[in-house]
Amino acid sequence: MRIFLASALACLALGACNPSQPAPPAPSAGDQGPATVITAMYAAGAQKLAHNQSTDVSDVPMSDGLAQMVKAASDKADANDEPFIDGDIMFNCQDCGQVGAVTVTLAAPPANAKAVVAAKFTVYGQAETVLWDMVETPQGWRVDNIRSPDGYDLRKTAQDEINEPIQSCADDRGAAAAAALVRQCIQVSGATHPPCNAQNSCAMIEGEIRRGCGMLGAAKPAFCNAQPSDEAP
């Protein structure tokens, strides 16, 4: 993900994100235009980076529609035992470091309750640009998509993830490992055993094992004391 915002509205002096560096100035409370929302978001994100923390979807003021789509995609990715967003969502990097000054501007001014904000910065000396599609809502301006000039599109990525079939546990870890999980699941599950099926994802089966073990108390099998996939019954 990348962002380009070019205007005199803001330049967040992140430098190399040294923890001792002062925080970028926050926007005034009375100015809540689309670029100002992104400026404030990056100011908060810079503070997280200064403390060696990554930003994630909870740090982005999303529209309801985008938030629901990202949640659905994240849930689907979890079911497949894989991350949906792997890295820092604002700064488009993993193990971010040497993040340069962020410049935030309007790439497309507000029209029909929509706008595009661009953010431009460097990571380890490499130029990064991220485009924030904004929509005006009753709660104020919110992010409705995240794009980059190289073709990244959060909405498209989320929809592709949602459309991706769930990988079966047997395909993921092999028939023997999946069968071992199924046997554990059947031992502890109080359900009529739809979750205890090798065609489900390993995450679903393991979730049912944890749930079942939690309901059994002292009578739980020994494997409940280990990670569900660590030992066979």
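Would you be able to tell me the number of residues in the stretch 83-97 that are surrounded by 14 or more Cβ atoms within 10 Å (Cβ to Cβ) and either within 19 Å of Thr122 (Cα to Cα) or touching a residue at least 40 places away in the same chain (Cβ under 8 Å) (or both)? Step through it out loud before you land on a result.
As a first pass, look at the stretch 83-97 and keep what is surrounded by 14 or more Cβ atoms within 10 Å (Cβ to Cβ): 84-85, 87-93, 96.
Then drop every residue that is not either within 19 Å of Thr122 (Cα to Cα) or touching a residue at least 40 places away in the same chain (Cβ under 8 Å) (or both), which leaves 84, 87-93, 96.
The number of residues fulfilling the criteria is 9.
Against the definition (touching a Ser or Thr at 6+ places or on another chain (Cβ under 7 Å) and in the same structural domain as Met41 (by TED's automatic domain parsing)), how does Thr105 come out, yes or no?
It is true that Thr105 is touching a Ser or Thr at 6+ places or on another chain (Cβ under 7 Å) and in the same structural domain as Met41 (by TED's automatic domain parsing).
Checking the structure you have, find out if any residue of the stretch 136-150 is modelled with pLDDT under 90 and hydrophobic (A, V, I, L, M, F, W, C).
no
Listed residues Lys156, Lys71; which is assigned to a helix (DSSP H, G or I), closer than 30 Å to Ala198 by Cβ and among the basic types (Lys, Arg)?
Lys71
State yes or no: is Val123 in contact with a Leu (Cβ under 9 Å, 6 or more places away or on another chain) and farther than 13 Å from Ile146 by Cβ?
Judged against the criteria, Val123 is not a match.
Tyr124 - would you say it is of a type in the set (Ser, Thr, Tyr), touching a residue at least 40 places away in the same chain (Cβ under 8 Å) and surrounded by fewer than 22 Cβ atoms within 10 Å (Cβ to Cβ)?
No.
Please enumerate the residues belonging to the stretch 74-102 that are more than 23 Å from Met204 (Cα to Cα) and in a loop (DSSP other than H, G, I, E, B).
Result: Gly87, Ile89, Met90, Phe91, Asn92, Gln94, Asp95, Cys96, Gly97, Gln98, Gly100, Ala101.
When you look at Gly212, is it touching a Gly at 6+ places or on another chain (Cβ under 8 Å) and either at pLDDT 85 or above or in a helix (DSSP H, G or I) (or both), yes or no? It would help to see each step written out before you state the result.
Details: touching a Gly at 6+ places or on another chain (Cβ under 8 Å): yes; either at pLDDT 85 or above or in a helix (DSSP H, G or I) (or both): yes.
Criteria met by Gly212.
List pairs: first in the stretch 147-166 and under 16 Å from Ala118 (Cβ atoms), second among the polar types (S, T, N, Q) and modelled with pLDDT of 90 or more, Cβ under 7 Å, 6+ apart or cross-chain?
Ser148/Thr129; Pro149/Thr129; Asp153/Asn145; Leu154/Asn145
Within 22 Å of Ala44 (Cα to Cα), buried (at least 19 other Cβ atoms within 10 Å of the Cβ) and at pLDDT below 90 - does that describe any residue in the stretch 99-114? Don't jump to the end; show me each part of the working.
Looking only at the stretch 99-114, we keep the residues that are within 22 Å of Ala44 (Cα to Cα), and these are 99-107.
Next cut, buried (at least 19 other Cβ atoms within 10 Å of the Cβ) only: 99-100, 102-107.
If we keep only those that are at pLDDT below 90 as well, we get 99-100.
Yes, because at least one residue in the stretch 99-114 is within 22 Å of Ala44 (Cα to Cα), buried (at least 19 other Cβ atoms within 10 Å of the Cβ) and at pLDDT below 90.
Need pairs with beta-carbon distance below 8 Å; first residue over 16 Å from Ser168 (Cα atoms) and among the β-branched types (Val, Ile, Thr) and within the stretch 197-217, second in a loop (DSSP other than H, G, I, E, B) and at pLDDT 85 or above; sequence gap 6+ or separate chains.
Ile209/Ser189
Are any residues in the stretch 146-189 crowded, with 17+ Cβ neighbours inside 10 Å, farther than 27 Å from Asn92 by Cβ and charged (D, E, K, R), and if so, which ones?
If the condition is that a residue be crowded, with 17+ Cβ neighbours inside 10 Å, farther than 27 Å from Asn92 by Cβ and charged (D, E, K, R), then Asp172, Arg173 are the ones that fit.
Among the residues of the stretch 167-196, write down those that are free of Cβ contacts under 8 Å to residues at least 12 places away in the same chain and touching a helix residue (DSSP H, G or I) at 6+ places or on another chain (Cβ under 8 Å). Reasoning before the result, please.
Filtering the stretch 167-196 down to residues free of Cβ contacts under 8 Å to residues at least 12 places away in the same chain leaves 171, 174, 176, 186, 192-194.
Matches in the stretch 167-196: His193 only.
Looking at the stretch 189-209 only, could you name the residues that are in a helix (DSSP H, G or I) and either modelled with pLDDT under 85 or in contact with a Leu (Cβ under 6 Å, 6 or more places away or on another chain) (or both)? Reasoning before the result, please.
Just the residues of the stretch 189-209 that are in a helix (DSSP H, G or I), to begin with: 202-209.
Ala203, Met204, Ile205, listed by residue number.
The values are calculated or read from the model by the stated rules, or taken from the named source; none is laboratory data. In this text, all values refer to a predicted model and were calculated from it rather than measured experimentally. Cβ atoms come from the backbone with ideal geometry, glycine included; neighbour counts cover every protein chain shown.
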